[in-house]
Ligand SMILES: C[S@@+](CC[C@H](N)C(=O)[O-])C[C@H]1O[C@@H](n2cnc3c(N)ncnc32)[C@H](O)[C@@H]1O
């Protein structure tokens, strides 16, 4: 008989994560959300910034930023030498001297070289590592962020994971060690229970896990929820851990307008919440998402002088734009003359929001932003910066192709892709 104690693991060993790029970790995207909430960008100059990706995996997010913004310095930090080596090879092939890598664990003194960052981002780390590592990770976020800087931390949300909690627990207890073979054995155990058909809770979970593996690969399943600290939580708890930094909302563009994200009754419930914590937790429940990337900034950050900074670009040809979409709150119809004028103005490529505003002739600020936010919510447009496709982007494109990395897109300015990549999770 084995000991009944659950194994305390830290992080998956010997199994690399999938190579993905997260466009919402780009300065253009983050700044757009900040300005929508009334706060200024941390960038003194649009093109020159320091960006740190903690737990960067294969580094595609920071590599594409380094290529698109040659004046920036982009750091990728990860404990996995195979992933950092692969990222370094891509940077070398693409000649990206401004892409720097630190192969180290959170808490290691070597990370200090990345300090003073305008942006510290981390996708798939906070809710996935063991508690002691999570504390070191949060210390790094605090240590590496410049006082004026922004932190974006992705986290798993309990409200969206309820149906899989029991399955994950069983899988986690069944996985011996942090190894690929341990995870494979746990999958076999789960599948055998599901095949026996006696436990409806597990059968549904096993099916969902199998579908996740088919869509994104087994490595994704292991990194998503077989790692030691897998703990879907609540936005309010992450915000409390990063206090005194102020929470500025998630990077989701379909939540920029409250009436896109919540129904009228849900907005009334938020307004009636007796505490700020209840309002935030109710939002988690109402949105029902399993994952979010949360933006934090110093509480005394300067207000945005205008929301009309930055650029916006269509993600598809103007002729293909649909003037209706489904948001979390329901159907959104924005088929009107102003929306069509704005799309026509964007037909030839990204446009500065200020110029777009001047040319669109909107009857009110609210009407203008409703169209812009609807285009963003439906991912038919994305925030970007002045297009200056540098040669480095072409070199990175070639290096990725040579490495056989099939990215759905590599945006020139990390914000005007032709398609948004899956998976949306960790
Ligand atoms: C789920 S993956 C996400 C990778 C990347 N951010 C992405 O979105 O593609 C989590 C990453 O965190 C790294 N990691 C886990 N624990 C770490 C630690 N203690 N120190 C540094 N990196 C760590 C892993 O090696 C892994 O690459």
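The values are calculated or read from the model by the stated rules, or taken from the named source; none is laboratory data. Because the structure is a prediction, the values reported are computed rather than measured. Ideal geometry is used to build each Cβ from the backbone, glycine not excepted, and the neighbour counts take in all protein chains shown.
The one condition from (1) without any contact (Cβ under 8 Å) to a residue 12 or more places away in the chain; (2) closer than 30 Å to residue 113 by Cβ that residue 211 does not meet is (2).
Output yes when any residue across region 371-390 is at pLDDT below 90, closer than 21 Å to residue 59 by Cα and part of a helix (DSSP H, G or I), and no when none is. Scanning region 371-390, I find no residue that is at pLDDT below 90, closer than 21 Å to residue 59 by Cα and part of a helix (DSSP H, G or I), so the answer is no. Pairs are defined by a Cβ separation below 8 Å, a sequence spacing of at least 6 or placement on different chains, a first member in region 279-302 that is at positive phi, and a second member that is modelled with pLDDT under 95 and assigned to a loop (DSSP other than H, G, I, E, B); the pairs so defined are 288/328.
Within region 266-276, the presence of at least one residue that is touching a residue at least 60 places away in the same chain (Cβ under 8 Å) and over 20 Å from the mean Cα position of the chain (by Cα) is confirmed. All told, residue 225 falls short of being modelled with pLDDT under 90, within 16 Å of the ligand (Cβ to nearest atom) and over 22 Å from the mean Cα position of the chain (by Cα).
A quick yes/no check of all residues on (1) more than 9 Å from the ligand (Cβ to nearest atom); (2) under 20 Å from residue 293 (Cβ atoms):
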residue	(1), (2)
94	yes, no
106	no, yes
116	yes, no
123	no, yes
128	no, yes
141	yes, yes
145	yes, yes
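Restricting 43, 35 to residues that are in a loop (DSSP other than H, G, I, E, B) and either at pLDDT 80 or above or under 25 Å from residue 218 (Cβ atoms) (or both) narrows the list to 43.
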